[in-house]
Amino acid sequence: MKTEVLLRSIGKINDELIADAESEANTKRKPGWAKLGTMAACLALVLCTGIATHAIRNNATAGTFTMDVNPSVEYTIAKSGAVKSIRSLNSDAEAALSGIVPGRQSVEAALTRTVAAYEACGYLENGEATVLISFDSRLDANAELKASLSAEIQQALEQTDAVGTLVFRSELTENAEAAKIAEEFHVSLGRADWILTAADKTGLPTDEVARMSLDELLKFQEASGIASVSVSKFISLEEAKKIALKDAKLDELTQKIVFTREELNRNQGKPCYLLEFYTGANQYFYQIDAKSGSIIYAGKFITLSEAKKIALDDAGCKDKVSFTEETLVSGGIKTPYYRLVFADAKTQWTYRIDAVLGNVLEKQQKEIVTTDFVSLEEAKKIALEDAGLDETTQKIVFAREELSRNQGKPCYLLEFYTGTNQYFYQIDAKSGSIIYAGKFITLSEAKKIALEDAGCKDKVSFTEETLVSGGIKTPYYRLVFADAKTQWTYRIDAVLGIVLEKKQKETATTEIDTADFISLEEAKKIALKDAGLDEATQKIVFTREELNRNSGKPCYILEFYTAKKQYSYKVDAKNGSIMEAYHFILLADAKKIALDDAGVSEKVTFTEETLVAGGIKTPYYRFVFADTKTQWTYRIDAVLGTVLEKQQKEIVTTDFISLEEAKQIALKDAGLDDATQKIVFTREELSRNSGKPCYILEFYTAKKQYSYKVDAKDGSIMEAYHFILLADAKKIALDDAGVSEKVIFTEETLVAGGIKSPYYYFAFESASARWTYKIDAVLGVIMDKTYDKIIPSAPEFIGLEKAKQIALDDAGLDETAQKIVFTREELSRNSGKPCYILEFYTDKCAYSYKVDAVSGDIIGKKTDWFSRQESETVPETSQNSDSKQRTDD
């Protein structure tokens, strides 16, 4: 209103002055200087009017753009390109920008202040944040202003050192659904459109997708051809690694180097790469400045195994020892050291070993006062008597028999169960007194109580089955289970069997849409390429090929081996990035290393062969093996093949029953007679069960298969399983699935060790569906099953680069001969049909194209000349090949 009044006032003054000047000229001729003064006044007024009009026009609103990080903010832009006002779209932005000047300012000033406020509130960390800039339809239509703003925004954010990836996009204001989401979640239309795309691709509820970070949302958009700009000023991870290796005087081409930590972090607010790696002789710790590449910190230490060897040699240990502490202390001290605490049966040592030089900095030694302990058998009798149980009249299974320490006090830890209860005991190893006793209902009974209380009629899956009993007044089972619609959480009193607490909530059900996933074959090729392997030139055997979820993220789990190594990979099922990669020496090679080091000349039996690799810095193989006199325990580095730890103890032997006697005991218990039916033994082995010598026997008939453990001393049966045959279990699964087409089994596993209900696990698939089944290996009933439809692959698209080339060819442009800037590269839909939307400009003209994503046809184009002297507009309708020509005269 004020602007209109000002213009009207200026107009009146101008007319009156002109009229007065004409009147005076008619009545009286003034001197020449007076005439000149009048003319000057008129000229001044005209100039003022022009300047005011130009200023008003420049301050008129040209449009808005938004910036999303987690806070979302909107900037109103004047036609001059300056920021007129700033508006917070959500409470996060409002709180962060409370001190920002809202008035007219440059784009650079507005963005710099916004980023500084976000950094202060912790929204931008590590200098690698993703930022989404969305232009509204008005700015989108003004190609020249949009291009200018894009360059200014990029330059401003580059100077902040807080942003790693910058993404530009145009808002689709006609999308009512996106507008609704923007209003509901207080975000920009651009981010709302991303949320819609991600929800469509994942099948997840919109409110759940809305909580995703921009980085997570961007992954779905990148699959659709969204282009992003890197504005990070940081050196790359590979450059940082090269700097560290060069400083450490190491060469990856000539020696084995294993990185256990590669992380972009901040050291007192300063962005830096944290690197940890080791060789066969040393381990290293580096902090590399992410901007300059300078070394902030460097540490080179002896390995833990070397430090332990130094301590053991200095202590003169001849007997087996156990380490209770192995700690590297290196932060903020002059002399980093290893703190080691270990003991044998009589003595405990504490050592501090210089982590750089390997010198002994400090050592302490104290004698352990020992007395005669009660035997394990005596401890078991004490526990059974207290529990009111008798091994001669009922079956009792011991699951744990261990001599340990309870707060430094030697005691036996005993766990055992019967058909109705399970028991936990701690028996003082010196006096035989009972330190702790617990008698609980069985897990299966607790589950039955919960299921009956919940009134479940449909099939349920248990995701948690935990006994919580340590240091609380009322031990309980925590059970979490769900059917297709509801999830229940129960706490069942482990002693009385009553319901202590229960919760129930409805669950949203969604099907996993795999249409946007890379194929299994593509994932395999990515893993093989990363491993430097070629199926055409060497034999590669895949032992696991599975589409799974890693922390809720869909990924392919791949395990395979060659003649020299074995590999484990996790490949992102959406973008094909490698989430996890391990290269290990073969199990056979690791066993050979342990046997050679032990100097074994007689036949040995391995009772444990375990690869420990998840979530630790140094993956290793753990082996336990023995001959008739000695038992060895080894930890072998799974990457380098070095011996990390070893223990050796002598075995006190007694007379054992023969193998044939053990077989007869098992057959008699199974009710079988090898004289009247065919019985095939597949395993006959003298081994140890928790250190106790036993025969392990596995055999089958035409109807069932059996697994037995027979005590090698007294011939008692320690364990007995009668299973249905694998073929019968598969038939049960196939019949239940109602399969009428050919299927392929990808997994057939019998899971029987240390669980109450042994089962067969099957995974199989046809061309249209995928099933998994758990079949009770004893009863043959279905314990659990899943079913997923396999969605056919979407049609292949021509690709973003080809679409760009089609548009440039049509426009008569050549990137090698002139500068062409793309401001929009997006895979979208035109009336439901997939197409690439491309926007780009030269120094003379701005172009907008829609290219069919399947056929490559141009279905719409628009040209806007900056000079405004010539232009063309082609309706956004399908065109045949004859219409693909330039019309710009």
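The values are calculated or read from the model by the stated rules, or taken from the named source; none is laboratory data. Given the structure is predicted, the values throughout are model-derived calculations rather than measurements. Every residue, glycine among them, receives a Cβ derived from its backbone with ideal geometry; neighbour counts consider all protein chains shown. Note: areas computed on protein heavy atoms with side chains; ligands, DNA, RNA excluded. Shrake-Rupley method; radii C 1.70, N 1.55, O 1.52, S 1.80 Å.
Sort out which residues of the range 498-519 are in contact with a Phe, Trp or Tyr (Cβ under 9 Å, 6 or more places away or on another chain), at pLDDT below 85 and closer than 16 Å to Tyr556 by Cβ, and write them in order of number.
Of everything in the range 498-519, those that are in contact with a Phe, Trp or Tyr (Cβ under 9 Å, 6 or more places away or on another chain), at pLDDT below 85 and closer than 16 Å to Tyr556 by Cβ turn out to be Asp516, Phe517.
Could you name every one of the strands (runs of 3 or more DSSP E) located completely within the range 409-452 that has at least 1 residues being open to solvent by 50 Å² or more (accessible area, probe 1.4 Å)?
Those strands (runs of 3 or more DSSP E) span 409-417, 434-441.
Within the range 140-167, which residues are under 29 Å from the mean Cα position of the chain (by Cα) and either assigned to a helix (DSSP H, G or I) or aromatic (Phe, Trp, Tyr) (or both)?
Leu157, Glu158
Residues of the range 106-129 being open to solvent by 10 Å² or more (accessible area, probe 1.4 Å) and either modelled with pLDDT of 85 or more or part of a helix (DSSP H, G or I) (or both), which ones?
If the condition is that a residue be open to solvent by 10 Å² or more (accessible area, probe 1.4 Å) and either modelled with pLDDT of 85 or more or part of a helix (DSSP H, G or I) (or both), then Ser106, Glu108, Ala109, Thr112, Arg113, Ala116, Ala117, Glu119, Ala120 are the ones that fit.
Can you pull out the residues in the range 605-633 that are farther than 15 Å from Glu650 by Cβ, among the hydroxyl-bearing types (Ser, Thr, Tyr) and open to solvent by less than 30 Å² (accessible area, probe 1.4 Å)?
Across the range 605-633, the qualifying residue is only Tyr621.
Looking at (1) modelled with pLDDT under 85; (2) over 36 Å from the mean Cα position of the chain (by Cα), find the lone condition where Leu595 falls short.
(1)
Assess whether Tyr273 counts as being modelled with pLDDT of 80 or more, over 17 Å from Val131 (Cβ atoms), under 24 Å from the mean Cα position of the chain (by Cα) and buried (at least 18 other Cβ atoms within 10 Å of the Cβ).
Criteria met by Tyr273.
Mind listing whichever residues of the range 301-324 are in a strand (DSSP E or B) and either crowded, with 17+ Cβ neighbours inside 10 Å or among the aliphatic types (A, V, I, L, M) (or both)?
Phe301, Ile302
Say we look at the range 701-716 and pick out the residues that are open to solvent by 50 Å² or more (accessible area, probe 1.4 Å) and of a type in the set (D, E, K, R); which of these is nearest to the chain's Cα centre (by Cα)?
Within the range 701-716, the match that is nearest to the chain's Cα centre (by Cα) is Lys704.
Failed condition for Ser236, given (1) within 30 Å of Phe797 (Cβ to Cβ); (2) touching a strand residue (DSSP E or B) at 6+ places or on another chain (Cβ under 6 Å); (3) at pLDDT 80 or above, with all others met?
Looking at each condition in turn, Ser236 falls short on (2).
Checking the condition open to solvent by less than 50 Å² (accessible area, probe 1.4 Å) and farther than 19 Å from Lys704 by Cα, which residue from Val743, Val751 passes?
Among Val743, Val751, only Val743 is open to solvent by less than 50 Å² (accessible area, probe 1.4 Å) and farther than 19 Å from Lys704 by Cα.
Run Glu602 past the list (1) in a loop (DSSP other than H, G, I, E, B); (2) open to solvent by 20 Å² or more (accessible area, probe 1.4 Å); (3) closer than 29 Å to Thr749 by Cβ and report the number of the one that doesn't hold.
Going through (1) in a loop (DSSP other than H, G, I, E, B); (2) open to solvent by 20 Å² or more (accessible area, probe 1.4 Å); (3) closer than 29 Å to Thr749 by Cβ one by one, Glu602 breaks only (3).
All but one of (1) modelled with pLDDT under 85; (2) in a strand (DSSP E or B); (3) open to solvent by 40 Å² or more (accessible area, probe 1.4 Å) hold for Cys555; which doesn't?
Here Cys555 clears every test but (3).
Determine if the range 181-202 includes at least one residue that is open to solvent by less than 40 Å² (accessible area, probe 1.4 Å), more than 27 Å from Glu839 (Cα to Cα) and part of a helix (DSSP H, G or I).
Yes, that holds for at least one residue.
Mind checking whether some residue in the range 717-730 is surrounded by 15 or more Cβ atoms within 10 Å (Cβ to Cβ), assigned to a loop (DSSP other than H, G, I, E, B) and without any contact (Cβ under 8 Å) to a residue 60 or more places away in the chain?
Yes, because at least one residue in the range 717-730 is surrounded by 15 or more Cβ atoms within 10 Å (Cβ to Cβ), assigned to a loop (DSSP other than H, G, I, E, B) and without any contact (Cβ under 8 Å) to a residue 60 or more places away in the chain.
Does the range 354-368 contain at least one residue that is charged (D, E, K, R) and open to solvent by less than 30 Å² (accessible area, probe 1.4 Å)?
Yes.
Report yes if Glu262 is charged (D, E, K, R), open to solvent by 20 Å² or more (accessible area, probe 1.4 Å) and part of a strand (DSSP E or B), otherwise no.
yes
Could you look through the range 649-671, keep only residues that are modelled with pLDDT of 85 or more and open to solvent by 70 Å² or more (accessible area, probe 1.4 Å), and pick out the one that is farthest from Lys692 (Cα to Cα)?
Lys668
In the range 715-754, what count of residues is obtained for those that are touching a Gly at 6+ places or on another chain (Cβ under 8 Å) and not aliphatic (A, V, I, L, M)?
Here the count works out to 1.
Name the single residue, out of those in the range 130-150 being open to solvent by 40 Å² or more (accessible area, probe 1.4 Å) and among the small types (Gly, Ala, Ser), that is nearest to Leu89 (Cα to Cα).
Ser137
Of the residues that sit in the range 330-353 and are exposed (fewer than 12 other Cβ atoms within 10 Å of the Cβ) and closer than 19 Å to Cys317 by Cβ, which one is modelled with the lowest pLDDT?
Selected residue: Ala345.
Under 6 Å between Cβ atoms, which residue pairs at least 6 apart in sequence (or on different chains) link something in the range 371-390 that is open to solvent by less than 70 Å² (accessible area, probe 1.4 Å) with a partner that is hydroxyl-bearing (Ser, Thr, Tyr) and not in a loop (DSSP other than H, G, I, E, B)?
Partner pairs satisfying both residue conditions: Ala379/Tyr412; Ala383/Tyr425; Ala387/Tyr423.
Being under 12 Å from Ile526 (Cα atoms), open to solvent by less than 60 Å² (accessible area, probe 1.4 Å) and part of a strand (DSSP E or B) is the filter here; which residues of the range 558-578 pass it?
Across the range 558-578, the qualifying residues are Leu558, Tyr569, Lys570, Val571, Asp572.
Of everything in the range 81-94, what is at pLDDT 85 or above and hydroxyl-bearing (Ser, Thr, Tyr)? Give them in sequence order.
Ser85, Ser88
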